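Colleague: Have a look at this one before I ask anything.
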Amino acid sequence: MGREVLLRPERCILCLACEVACAREHGSQERIWVIHHNGHGAPVSCRQCQTAPCVAVCPPQALEQRNGSVVLVAEKCTGCELCLWACPFGAMVLDTERGQAYKCDLCSSRQEEGLEPACVLTCPSQALVLNCVADFAARRRDVAGRAWAAGWTRRGR
Amino acid sequence: MRGLVVDDTLCFGCRACSSACTPSVIRLREADGSRLVWFPGTCQEDCTRCQEVCPKEAISFEETDREREGRELRFALRHCDRCGRPFAPEKVLADLAPRVRQALATEETSWLTLCLSCRREEAVSGLL
């Protein structure tokens, strides 16, 4: 399975560094947005759905599942905007000047050079990580288990 | 002359043709909670891009001996259930809903009534 940009929302400090790094990497067209909610917040971006509504509705089949991620083939995109309205997370955007949609591409050109996506590299609190889902989930379980066990010890049982 | 015919029973007001039309003969604008798409009656451009990209196959060309008047199609925009702002044509959302339900094998498609910003906020409020 491919690696994705995954989120540990409790670590987000709302600094917007990911958003700025993404905009810098993609010519002012950021594909990640830090959203505030009740004094907290977290970044939102494409979740690379395994069953993706954007892929299902795209008329020219410009959106494809590839190795666990959702890839937009820009040359095929007609700018019809259907993917924008199908996505549950508001992760697709339309460039009205060029008449084409854009989305998180996991910084594929950086990754080809062996570099991490700009948002992951920039995130100062490591709220964003590049990992495959299975490893990420295992790590999360480990952290949660240790936290629970530490509380158990403190309670003196 | 080449007449451009748009079938208003099929057209649902997406942006494909206006995005494809590089000379901007087909024009799209949004005002007062509606999307307005203007189509010329005759088109002299040597191009069939709009016809090719139309997901509903609503555009066709036919020979005509006179200049025809253009027409503007109006599409009501759905207002976001959360913030009230108009965002997408009702007809587009009505077309998408069953296809999204089928693709995801679920009846839960409540996000279709939210604008992009509110979808992002919903996504975050679910995490925290």
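Colleague: Against the definition (closer than 19 Å to residue A:83 by Cβ, part of a helix (DSSP H, G or I) and basic (Lys, Arg)), how does residue B:78 come out, yes or no?
Modeller: The answer is no for residue B:78.
Colleague: Another one. Pull up segment A:56-108, narrow it to residues that are modelled with pLDDT of 95 or more and of a type in the set (Lys, Arg), then point me to the one that is nearest to residue B:37 (Cα to Cα).
Modeller: Checked segment A:56-108; the qualifying residue nearest to residue B:37 (Cα to Cα) is A:76.
Colleague: Can you name the helices (runs of 4 or more DSSP H) wholly within segment A:31-116 that have at least 1 residues being out of contact with any Asp or Glu (no Cβ under 8 Å at 6 or more places or on another chain) and over 29 Å from residue A:11 (Cα atoms)?
Modeller: Passing ranges, in order: A:53-57, A:82-86.
Colleague: Okay, next question. Condition test on residue B:65, is it touching a residue at least 24 places away in the same chain (Cβ under 8 Å) and surrounded by fewer than 13 Cβ atoms within 10 Å (Cβ to Cβ)?
Modeller: Judged against the criteria, residue B:65 is a match.
Colleague: Same structure again: Just need a number here: residues in segment B:90-120 that are facing chain A (nearest Cβ under 7 Å), of a type outside the set (A, V, I, L, M, F, W, C) and open to solvent by less than 70 Å² (accessible area, probe 1.4 Å).
Modeller: Count: 3.
Colleague: For segment A:55-64, indicate whether the set of residues that are in contact with a Pro (Cβ under 7 Å, 6 or more places away or on another chain) and either under 13 Å from residue B:99 (Cβ atoms) or open to solvent by 10 Å² or more (accessible area, probe 1.4 Å) (or both) is non-empty.
Modeller: yes
Colleague: Right, next: Select, from A:112, A:81, the only residue that is more than 30 Å from residue B:49 (Cα to Cα) and without any contact (Cβ under 8 Å) to a residue 24 or more places away in the chain.
Modeller: It is A:112.
The values are calculated or read from the model by the stated rules, or taken from the named source; none is laboratory data. Predicted model only: the values in this text are computed from it and were never measured. Cβ: placed from backbone, ideal geometry, glycine included. Neighbour counts: every protein chain shown. Please note that ligands, DNA and RNA were not included when accessible areas were found on the heavy atoms of the full protein model with its side chains. Shrake-Rupley method; radii C 1.70, N 1.55, O 1.52, S 1.80 Å.
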